[in-house]
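Let me begin by presenting the structure, written as structure tokens, before commenting on it.
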Amino acid sequence: MTSQLRVMSIYEGFFSGGARALHTTVVAGLHTGGTHQHSVLSLYSAMRRETILQRMEEDASYRSLSAIGVEVRSLGRRIGGGAAARKAFSAAEVATAVAHARRADIILSLKEQPLRLVNQPGFPRKPVIVCLHRSDPQNQGSALAEFKTAVADGRVAAAICCAESTRSAYEAAGIPSSLLKVIPNGVDLTRFQPVPVRRRAALRRSLGVPAKASVVTLAARYDPMKNVPLFLAAARRWLEREPAGHVLMCGAGMTTANIELCGLLNDLFDDEPRYLNRLHLLGIRRDMEAVYAATDVVALTSVSGEAAPLCLIEGAMCGAVPVSTDVGDTVPIVAGHGLITAPEPEAISAAWSEAVRRRAEFTPMLLGSRERFSHTRMIASYAGVIDGAHRDLGLRVPQRL
């Protein structure tokens, strides 16, 4: 065990989202691979996001990491999100973080927000690798400034970008290109895969959807960057156009407990509430592979911030045709087996209908692209960057911004 590289990830908190799910896949793969010993330090033990309180111990990523022996600790902060993200660290909190960091050889920061802890005086000078999962660094509050501070101080050994759009955005924002390494997102192909016709029909019944329905799924948290109003406007038109159509909405905040979402539904469907019988709010799901396998089209209507959306990859690997607006790296992700559409309700709804109609045509291309999105390739690439940062320890000099 002493020969294993000790890697500590720092999270702002545990909550449902693509970046944490992907990072969990990476950490689990490296931890069980035999050469790394991973741990996680979360700044908060609970996060208030998308209208709900998400507790660390109830999170799927927390549970899966704990189950394989990854040590997961909290800094002790109770509830994060909103103004809490700007709260200064106490001496006791910094001391706790320092004690954990001293036991690590490498620090992984999930996104740039935790760098405000790394930049605290007295934090151990260990190589830091920043994992970047968005394409809008200017819209992350003070996080970009903290990132630049860590770079100028020589703390950052590398920054892993999940997409070319991420690399380009951070380079344009002033992060040295020599630090930016692109590792495209990947998924577990044994989990995300098509299912037989009989199994697909059973999954649909469990979701309250007829076996022969046309199904469009949005898997996203309720957040402005996801442009839920645009999705719902397109859904209204599509449900009018497709009498056998059903729409599934999964993710944090996608429930009737979300007053803002209910207001949107009332505004858009007030004259035809019967259409709401074919719109299903599923909330956070732990079985997204089953939802995708029951789906014809996996949709995304974001207008900013996205980099390499996991929902499109996961859905496609289960046989759903990806249909997305042009944001981040969605064009190369969707190319050849899906559709890119203008961010306009009528164009989106028409693209969904086309995707359903051409699903049999797209299926061979979806299946043929599976190895391109394998998580084993992604995990090996992460290992290369982490091991390289450890080998280069002592050779780095502060980067000029």
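Taking the stretch 74-93 as the region of interest, how many residues are surrounded by 17 or more Cβ atoms within 10 Å (Cβ to Cβ), without any contact (Cβ under 8 Å) to a residue 40 or more places away in the chain and part of a helix (DSSP H, G or I)?
Of the residues in the stretch 74-93, 1 are surrounded by 17 or more Cβ atoms within 10 Å (Cβ to Cβ), without any contact (Cβ under 8 Å) to a residue 40 or more places away in the chain and part of a helix (DSSP H, G or I).
Can you tell me which residue among VAL303, VAL298 is surrounded by fewer than 20 Cβ atoms within 10 Å (Cβ to Cβ), touching a Pro at 6+ places or on another chain (Cβ under 6 Å) and at negative phi?
The match here is VAL303.
Could you tell me whether GLU164 is under 28 Å from CYS250 (Cα atoms) and among the acidic types (Asp, Glu)?
yes
It is to be established whether one or more residues within the stretch 227-249 are more than 23 Å from GLU306 (Cβ to Cβ) and among the small types (Gly, Ala, Ser).
Yes, the conditions are met somewhere in the stretch 227-249.
I want to confirm something. Restricting to the stretch 44-73 and keeping residues that are in contact with a Gly (Cβ under 6 Å, 6 or more places away or on another chain) and in a strand (DSSP E or B), which single residue is nearest to LEU108 (Cα to Cα)?
Ranking the qualifying residues of the stretch 44-73, first place goes to TYR44.
Go through the stretch 192-207 and give me each residue that's outside any loop (DSSP other than H, G, I, E, B) and more than 25 Å from PHE373 (Cα to Cα).
ARG198, ALA201, ALA202, ARG204, ARG205, SER206
What's the total number of residues in the stretch 12-45 that are closer than 13 Å to GLU71 by Cα and touching a His at 6+ places or on another chain (Cβ under 8 Å)?
Of the residues in that region, 6 qualify.
Helices (runs of 4 or more DSSP H) wholly in the stretch 94-191 with at least 2 residues that are closer than 30 Å to ASP326 by Cβ and modelled with pLDDT of 95 or more - which ones?
143-152, 164-172
The values are calculated or read from the model by the stated rules, or taken from the named source; none is laboratory data. The model shown is predicted, which means the values in this text are computed figures rather than measured ones. Glycine gets a Cβ as well: all are built from the backbone with ideal geometry, and neighbour counts include every protein chain shown.
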